[in-house]
Structures are given as structure tokens and as C-alpha cells.
Amino acid sequence: MENRTYTADAAPGETATVAGWVHELRDLGGIAFLILRDTTGKIQIKFEKDEMDDDLVETGLNVARESVISVTGDVDEEPRAPTGVEITPDSVEVVAEADTELPLDPSGKVDAELSTRLDNRTLDLRKEEVQAIFTIRAEIQHAAREQFRELECTEINTPKIVATGTEGGTELFPITYFGEEAFMNQSPQLFKQLIAGSNVERVFEIGPIFRAEEHNTPRHLNEATSIDFEGAFCDHHEAMDVAEAVVTAAYEAVAENCEDELDALGLAEEFEVPTGDFPRLSYEEAIERINATGELDEQLLWGDDLPTEGEVALGEDVGEHYFITDWPSEIKPFYIMDQDDDEQLSTGFDLMHPRMELVSGGQREHRYDHLIEGFEQQGLDPEAFDYYTKMFKYGMPPHAGFGLGGERLVMTLLGLDNIREGVLFPRDRQRLSP
Ligand code: ATP
Ligand code: AMO
């Protein structure tokens, strides 16, 4: 809109045109106040009934909440106004009227169920604390990009329609691709490896992954955002260092640049940046410590995957971010390399937040013969992966990397109860639209 002034920039002594949503109307009789909200904040519009044109007062005071209006008038200092300034209108235009019945209350006075909020995201995002989550999410992605660039990684984009899965056959979404069977990609895993094996060497990607998870939990999505890294001539220790740096950088950026948003979420006081140097526990130590908590009905045995209750018990015990290393080879995927001196142990690692897993990664099997054997051991047909395996015959350097769950990072950083709160339009078992 021509000559529009943001509410935050409306300066006393000037005439301004502001435009935004009707946040609140307070009619005190002879005087009435309309609070107008835009992306920069709120401003008070004053209607003195006896001193103003009747039509103007009529328009201003009969407009339904959440309608979009444009107001032109003089801006004055007013200590009693919420922001210290107010506008006395010369004209009020209703740009887009809202129904008087709203599916949820953007002023936040009436709480709404998460499903109602997700069905009406446009209205929901008019709440300061909801918008704060997505401003922080954007900051986290920005910080991750910056950190990767500092580490001389190149940003890549890999296909999301693919011919094979990598993270377990049952969690694939099948689609038809010109009559051929295809899938939505579960992970950029194989593609990022293929590029790390080129001259590009160090790559990262922030993009969607698709998992046909059957279960509905507060920390799983069917479409998630994966923050992936892959580096040639890296081992798993270096990949862990990169994961630690990216997670820490995200916290630092939020602490530095999102003070108002943390405040809106009531987190300004308690927000803490992790110090880095996350403890590195072996898998064996992890199961021993879980067993020692006595929280599980059955003791974990070597080779068991960690159940959710086990992760929670260990997280409480450790009390900060930590790595789990030295996983049994048999519970890690085919592309993870075994350790040199003990092939029962893998180079795979997980980075855990006390509440849940954030990252999986490891050093990759770059030796062609071992890779083919790994496929066969996992009951996969190496022929189907020929597009990938053949590149291991033409000079594939040692390499390592990881995948960091973007929404898990947002969720744990902000202490959200449900991962869906950090996704604009989440996809889950019940939700395919909006
Ligand atoms: P009525 O006769 O119905 O009370 P009025 O025009 O006399 O209306 P005031 O008594 O001036 O209104 O103010 C009503 C309330 O609004 C008071 O509590 C006053 O503090 C508050 N108020 C008045 N002007 C402003 C302003 N510009 N910004 C914020 N609050 C104001
Ligand atoms: P993994 O399958 O462990 O590893 O995924 C990596 C990280 O992605 C997040 N994540 C999810 N977040 C929300 N909903 C889901 N359904 C979901 N699935 C995964 C988690 C998890 O730690 N290719 C390997 C990574 C690698 O080795 O580089 C992989 O995909 O935070």
C-alpha cells in the first residue's frame, strides 16, 4: 500500500496511514479505543465521539475484530496509550471485513486446542507467541546455514522423488512415477554421499524428508525437515564435532537475536546456551546407566535398540546434550562403517537432547566390496542401488556425516510439548490439509 507506515514507525507530530488488523475495541462511552495490530506491533486509535464525524466513529466502532482496516490521522504522544502514542483518525477504511464469529481468538484470551489452531493457522499466527516460534525456527535455520558455510560446506538440493529407500523399507511412501514405482525420499543419505565423493567434498542440505511412520507421537512427523551434513575425508569424530557446532550455534543465535521472541514465549529468563563439549557415552555405558535407573520393566541387553522410556531415563540422568557412540553394527544401517578393530561395533553415533534423539550419523562404508556385503546382510538387493554403489568403484574417499531433525531441534530448544507446534502445516496420520 502506498505511503503505509508500520505502527512501530508512527512518529508523534506526523500524519500517518497505518494498516493492519483490529486487535481490540474498548468503548468507554464518550471515548473509545481501537487497537490496531500489524507485523511490527500495535497502536491505539482514539475515537472521541462528540468531536468526530459520526460516519467515521460508526465505521471505526462497528468493525468486527480481526478485520483489516487502514487508518489515516495525526500521531500524538499519549502516556496512557499502551505504546505511548496514539492516532486520532481523519479517515478509516475497512479493507477486508472479518466474520464476527472466529474459529479461534487471536488475542489469546480464549485458549484453543492444537487441532483448531492447526486448522486455522492464519489466525493462530496472529498471536505473538505463535509467531515467535516461527521467527525462532527461521533463526535456527539461518544459524545452521551460517555455521555450515563457516565450515566451508556447500549447500545442495537433492531429489525428493526417488527409486529406493534407505532408512527401513516399511516407512516409505510409495508413489507412481510415470507408471513406475517410486517413493518420497526418507533421507538425502545416498545423494549427499555421492556428492561428498565428488570434488565438492563438504556438503549440507536443509530439506524435507518423508517417513510413513504408522504411530502418532508428540515427536514424530510424516514430513519433517532434515539438516544434513556430509564431509569427505571426515571420520565420525569430526562429524560429531560438526553436529555439536551446529546445535550450539543455533542456541547462540537465538539467545543473541531473538530476545523479544523468547520473552513472548516466557523463556527469556530460563533460556540457556549449551556450553558445547557434549559428553560422549558408549552404547554399552548407555544401557548400563539406563538399567541402573530401574525405570524399565525389563533390563536392556547388548544389541537392543533404546526404547523411548530408556532415552528419557538416561536423559534425566545425564541432564544435558550428549552423544551415544559405539553402537552395535547390527542395529545401524548398511551405509554405516564398522569399527576397524571390532566389526561388532559401528562408527554410528546419535546426539541426544535429554528429552529425545536429535541426530544420527556416522562414518560411511566407502569400500565397494564391504558396501555390497552390507546390503546383502540387511536383505537388500544391491542391484536396486546400482546408481549409488557404482560410484564407489571410481574413487570414493572415506567420508562421514549426519542428519539432524530440524523440528526436533526447535521443539527441544523451546521446550514445546508437541513437535507440531513448530511446524506451520504439519503432516501426520490425521492431517493432510491444510
Ligand atoms: P465517559 O464520560 O464515558 O467516561 P470520557 O470521554 O469522559 O468518557 P475519560 O473519562 O476521558 O472518557 O476516559 C475514560 C478512561 O479512558 C479513563 O480511565 C482514562 O484514563 C482513559 N483514557 C482517556 N484518554 C485516554 C487515552 N488517550 N489513552 C488511554 N486511555 C485514556
Ligand atoms: P535418522 O533416521 O535417525 O537418520 O534421522 C535423522 C534425524 O531426523 C529426525 N527425524 C524425525 N523427526 C521428526 N519426525 C520423524 N518422523 C523423524 N525421523 C527422523 C530425528 C533423527 O535423529 N540418513 C540418516 C542420517 C545420517 O546418517 O546422516 C538418517 O536419516 O531427529
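The values are calculated or read from the model by the stated rules, or taken from the named source; none is laboratory data. Only a predicted model underlies this, so the values are computations on that prediction, with no experimental measurement involved. Counting neighbours? That spans all protein chains shown, and the Cβs are built from the backbone with ideal geometry, glycine included.
Can you name the residue in segment 317-374 that is without any contact (Cβ under 8 Å) to a residue 40 or more places away in the chain, small (Gly, Ala, Ser) and not in a loop (DSSP other than H, G, I, E, B) and, of all such residues, is farthest from ligand 1 (Cβ to nearest atom)?
Per the criteria, the residue is Ser329.
Just wondering, is there one or more residues in segment 384-398 that are among the acidic types (Asp, Glu) and either part of a loop (DSSP other than H, G, I, E, B) or in contact (Cβ under 8 Å) with a residue 40 or more places away in the chain (or both)?
no
Out of all the residues in segment 141-199, which are closer than 21 Å to Ala245 by Cβ, out of contact with any Lys or Arg (no Cβ under 9 Å at 6 or more places or on another chain) and either aromatic (Phe, Trp, Tyr) or free of Cβ contacts under 8 Å to residues at least 24 places away in the same chain (or both)?
The answer is Arg149, Glu150.
Take segment 211-234 and flag every residue that is near ligand 2 (Cβ under 9 Å from one of its atoms) and assigned to a strand (DSSP E or B).
Glu223, Ala224, Thr225, Ser226, Ile227, Asp228, Phe229, Glu230
Per-residue answers, yes or no, for (1) in contact with a Gly (Cβ under 9 Å, 6 or more places away or on another chain); (2) among the charged types (D, E, K, R); (3) at pLDDT 95 or above; (4) not assigned by the TED database to the domain that holds Asp38:
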{"site": "Arg65", "(1), (2), (3), (4)": "no, yes, yes, no"}
{"site": "Thr72", "(1), (2), (3), (4)": "no, no, yes, no"}
{"site": "Val85", "(1), (2), (3), (4)": "no, no, yes, no"}
{"site": "Pro89", "(1), (2), (3), (4)": "yes, no, yes, no"}
{"site": "Leu102", "(1), (2), (3), (4)": "no, no, yes, yes"}
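Being crowded, with 17+ Cβ neighbours inside 10 Å, assigned to a helix (DSSP H, G or I) and not charged (D, E, K, R) is the filter here, so list the residues in segment 142-165 that pass it.
Ala143, Ala144, Gln147, Phe148
State whether one or more residues within segment 327-338 are within 29 Å of the chain's Cα centre (by Cα), surrounded by fewer than 23 Cβ atoms within 10 Å (Cβ to Cβ) and on the phi > 0 side of the Ramachandran plot.
No; the residues of segment 327-338 include none that is within 29 Å of the chain's Cα centre (by Cα), surrounded by fewer than 23 Cβ atoms within 10 Å (Cβ to Cβ) and on the phi > 0 side of the Ramachandran plot.
Please state which one of Ser91, Ser115 is more than 22 Å from Gly422 (Cβ to Cβ) and either of a type in the set (Ser, Thr, Tyr) or free of Cβ contacts under 8 Å to residues at least 24 places away in the same chain (or both).
Of the residues listed, the single one that is more than 22 Å from Gly422 (Cβ to Cβ) and either of a type in the set (Ser, Thr, Tyr) or free of Cβ contacts under 8 Å to residues at least 24 places away in the same chain (or both) is Ser91.
Being surrounded by fewer than 23 Cβ atoms within 10 Å (Cβ to Cβ), farther than 23 Å from Asp263 by Cβ and within 13 Å of ligand 2 (Cβ to nearest atom) is true for just one of Arg427, Arg431. Which residue is that?
Being surrounded by fewer than 23 Cβ atoms within 10 Å (Cβ to Cβ), farther than 23 Å from Asp263 by Cβ and within 13 Å of ligand 2 (Cβ to nearest atom) holds for just one of Arg427, Arg431, which is Arg427.
Any residue at all in segment 405-417 that is surrounded by fewer than 17 Cβ atoms within 10 Å (Cβ to Cβ) and either under 13 Å from the mean Cα position of the chain (by Cα) or modelled with pLDDT of 95 or more (or both)? Show your work before the answer.
At the first step, the residues of segment 405-417 found to be surrounded by fewer than 17 Cβ atoms within 10 Å (Cβ to Cβ) are 415, 417.
From what is left, the residues that are either under 13 Å from the mean Cα position of the chain (by Cα) or modelled with pLDDT of 95 or more (or both) are 415, 417.
Yes, there is a match, as at least one residue in segment 405-417 is surrounded by fewer than 17 Cβ atoms within 10 Å (Cβ to Cβ) and either under 13 Å from the mean Cα position of the chain (by Cα) or modelled with pLDDT of 95 or more (or both).
With the condition kept exactly as written, say whether any residue in segment 84-96 is farther than 30 Å from Phe425 by Cα, part of a loop (DSSP other than H, G, I, E, B) and not acidic (Asp, Glu).
For segment 84-96, residues farther than 30 Å from Phe425 by Cα, part of a loop (DSSP other than H, G, I, E, B) and not acidic (Asp, Glu): present.
Just to be sure, is Gly403 over 19 Å from Asn120 (Cβ atoms) and near ligand 2 (Cβ under 9 Å from one of its atoms)?
Against the criterion (over 19 Å from Asn120 (Cβ atoms) and near ligand 2 (Cβ under 9 Å from one of its atoms)), Gly403 qualifies.
If Leu300 passes every condition in (1) more than 25 Å from Thr275 (Cβ to Cβ); (2) assigned by the TED database to the domain that holds Met240; (3) surrounded by 14 or more Cβ atoms within 10 Å (Cβ to Cβ) but one, which one does it miss?
So the condition that Leu300 fails would be (2).
Kindly indicate whether any position in segment 77-91 is within 16 Å of ligand 1 (Cβ to nearest atom), surrounded by fewer than 17 Cβ atoms within 10 Å (Cβ to Cβ) and within 25 Å of Leu123 (Cα to Cα).
Yes, segment 77-91 contains a residue that is within 16 Å of ligand 1 (Cβ to nearest atom), surrounded by fewer than 17 Cβ atoms within 10 Å (Cβ to Cβ) and within 25 Å of Leu123 (Cα to Cα).
Where the second residue is at pLDDT below 95 and part of a helix (DSSP H, G or I) and the first is outside the structural domain of Glu66 (by the TED database) and lies in segment 123-139, which pairs have Cβ atoms under 7 Å and are six or more apart or on separate chains?
Within 7 Å, no pair qualifies.
In the list Glu376, Glu343, which residue meets the criterion of being touching a Pro at 6+ places or on another chain (Cβ under 8 Å) and modelled with pLDDT under 95?
None of the other options fit; the residue is Glu376.
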